[in-house]
1. Per residue of the stretch 460-474, what does 6.51 cos²θ - 1.76 cosθ + 1.60 with θ = phi - 60° give for ³J(HN,Hα)? Whole Hz please, x for Gly and Pro, Karplus curve as stated.
2. What's the center-to-center distance, using Cα atoms, between the stretch 498-514 and the stretch 52-66 in Å?
3. As an exercise, use a Förster radius of 51 Å and the Cβ-Cβ distance of Glu71 and Asp584 to find the FRET efficiency, rounded to the nearest 0.05.
4. Between Asp171 and Leu52, what is 0.36 nm times their sequence separation minus the Cα-Cα distance? Round to one decimal in nm.
5. With axes computed from alpha carbons, what is the tilt in degrees of helix 319-333 against the longest principal axis of the chain, rounded to the nearest 10 within 0 to 90?
6. Obtain the nm distance between the two label points defined at Ile39 and Arg492 by a simple spin-label model: each point lies 7 Å from its Cα along the Cα-to-C-beta direction.
7. Any chance you could give the angle, 0 to 90 degrees and rounded to 10, that helix 242-263 forms with the longest Cα principal axis of the chain?
8. Solvent-accessible area per residue for the chain at a 1.4 Å probe radius, Å²?
Amino acid sequence: MPRERKEIIYQGTPVSRGIASGPLHIVARGFAAPEIYTIPPSHVSREQERFLAALERTKEQLRSLRTQIEEISGEEEGRIFEAHLMVLEDRTILNRVFEAINDRHQNAEYSFYAVIQTFLEAMRRIPDPYLRERTVDIEDVCKRVLRNFSAEPEASMPDQPEHQHILVAYDLNPSDTAAMDRNHVLGFATEVGSINSHTAILARSLGIPAIVGLQNAIFNLHALTPAILDGYTGKLIINPSDETRARYAVLQKEKRRLQKALQKLRDTKTVTTDGRHITLSANIEFEQELPLVAASGAEGIGLFRTEFFLLEREECPSEDEQTELYTRLAQSVRPHPIIIRTLDAGGDKVPGEPLTEPEPNPFLGWRGIRFSLARRDLFKEQLRAILRAGAEGAVSIMFPLISGLREIREAKALLAECIEELTARGVPFNPKIDIGAMIEVPSAAIMAEQIAAEVDFLSIGTNDLIQYTLAVDRINPRVSDLYKPGHPAVVRLIKSTVAGADKAGIWTGVCGELAGDLLYLPLLVGLGIDELSVGTQQVPIVKQAVRHLSYKDCQALAHSCLRVSETREVIALCQSLAEEAYPDLLRQMQSDQ
Ligand code: PEP
Ligand code: MG
């Protein structure tokens, strides 16, 4: 059967700007789709035999595994493999694969994969949770069989091909994204996911064009099909026509031109038309982003998320290794400051074993400061490393997921212990380091005045503050419509935070994704935010926008937004001011979405 060449467009949600063009690589739930190709009719029986041989190899491996497990753990445990073996002996599956090879003349790997996918989809719809869970066994067997098509049974199928490609996956967790090989992955699209997930945030940091929420696409796509991924509008274009390719070439040129124009602002100040200076800093996750920080014109780093450095290895890096990295970062941005956030494990950033076990409700569970206060050994190593890096630059420390006073006091007590220990050791460090609390839980926003009295600054993590205020999971696309930054409750909590900080005479920043949203920028400025910390790609555009705002108008806007009671009213007020102040920038941002 000839390969389909028609241009097809899939629509998802754009989460990281940019355009990628290349062949697809597909990873269905947990495993890569094999390549599809047509076989000549004369090869049908040879292909069916290849399939039988792969099945046989798999059965042998499973039987041998069963014996090993029985010897170690007993007969009961060995039975786990019965379910796997039963899948391989299922006549329906066998017949359907034979038919697919015979009728459609598709290669054996793909025929088997397609039949299994149909079964998996049917099983996922079964209401019985026990049966639904069995999909894992089938996936496992499928992976094994696919591996066994290869001549060397033990050779594993590469998860990431060695050529440049656009990755399409059912889902990607933040660690998959962090480990992505930038030389090969030109862009990625996932079936699930959301704009505020850490996967999306990482894609932006790494500058990888990305789309999420591409529902039900995977099964219709084939490995190696040419495609264009548009991270501005969320389109994945399969088999793009010559006309489409030409249009994207022009668009890419235009985007580069705009980017260059914005870069000219690098050395200008982030100041409103009536003279209010806003500190504009960068959020980073990787040391490799340092050149981007410098090029963006950011005034330092407002959030260094340490999770990806600390959790991506088998073992947490030692105090010395951490000190070295934090020192390099501090030296690189000097004389500007860097705010290092202590480990924010949990939620969608799952630490590897043996740190924690899967949780029933991870975002409400053992996360952020809760984890650190329970694992004092790890926490104190990190605190000492940050204190030591403080000897080499303007380093501040920030605690995530603070929900009340007790946590901030406990964290400070441990910091004081670390100061004593370092003093006793006689190593250089900064005992007067600035301390910040992240405000991302409604209780902390309400108690901002008391928390502010304990620290040197507050930084609002709007990604979480919105999720916890509105009870909307930030990574669940089913409820993403309810994730409303302009909800009056969110506006009031930001106000309460700034008011608390003002009373204590300290500054307030915003380091969640909202800080880079041009629609809400006038509101944040008007509410009295002193610092905005955004991804490096966002720095120039936010700077440009602030330079078009009048602080006085923004204050009047904030005043009005605090009086209305519906989200749509807040949005309308913000839209009107943003349109008046920077229509082109706003249009550019909104046409990108
Ligand atoms: C936030 O919650 O807004 C934030 C900056 O932290 P993270 O996105 O890492 O949870
Ligand atoms: Mg957060």
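1. My calculation for the stretch 460-474 gives 8, x, 5, 4, 7, 4, 5, 4, 7, 5, 9, 6, 10, 4, 5 Hz in order.
2. About 61 Å separates the Cα centre of the stretch 498-514 from the one of the stretch 52-66.
3. It comes to 0.10.
4. Full extension of this stretch gives 39.7 nm more.
5. Rounded to the nearest ten degrees, it is 60.
6. According to this spin-label approximation, the distance is 6.7 nm.
7. It is inclined by approximately 20 degrees.
8. 44 Å²
The values are calculated or read from the model by the stated rules, or taken from the named source; none is laboratory data. No experiment lies behind these values; they were computed from the predicted model shown. Backbone-built Cβ (ideal geometry, glycine too); neighbour counts: all protein chains shown. With ligands, DNA and RNA removed, areas are computed over all heavy atoms of the protein, side chains included. Shrake-Rupley method; radii C 1.70, N 1.55, O 1.52, S 1.80 Å.
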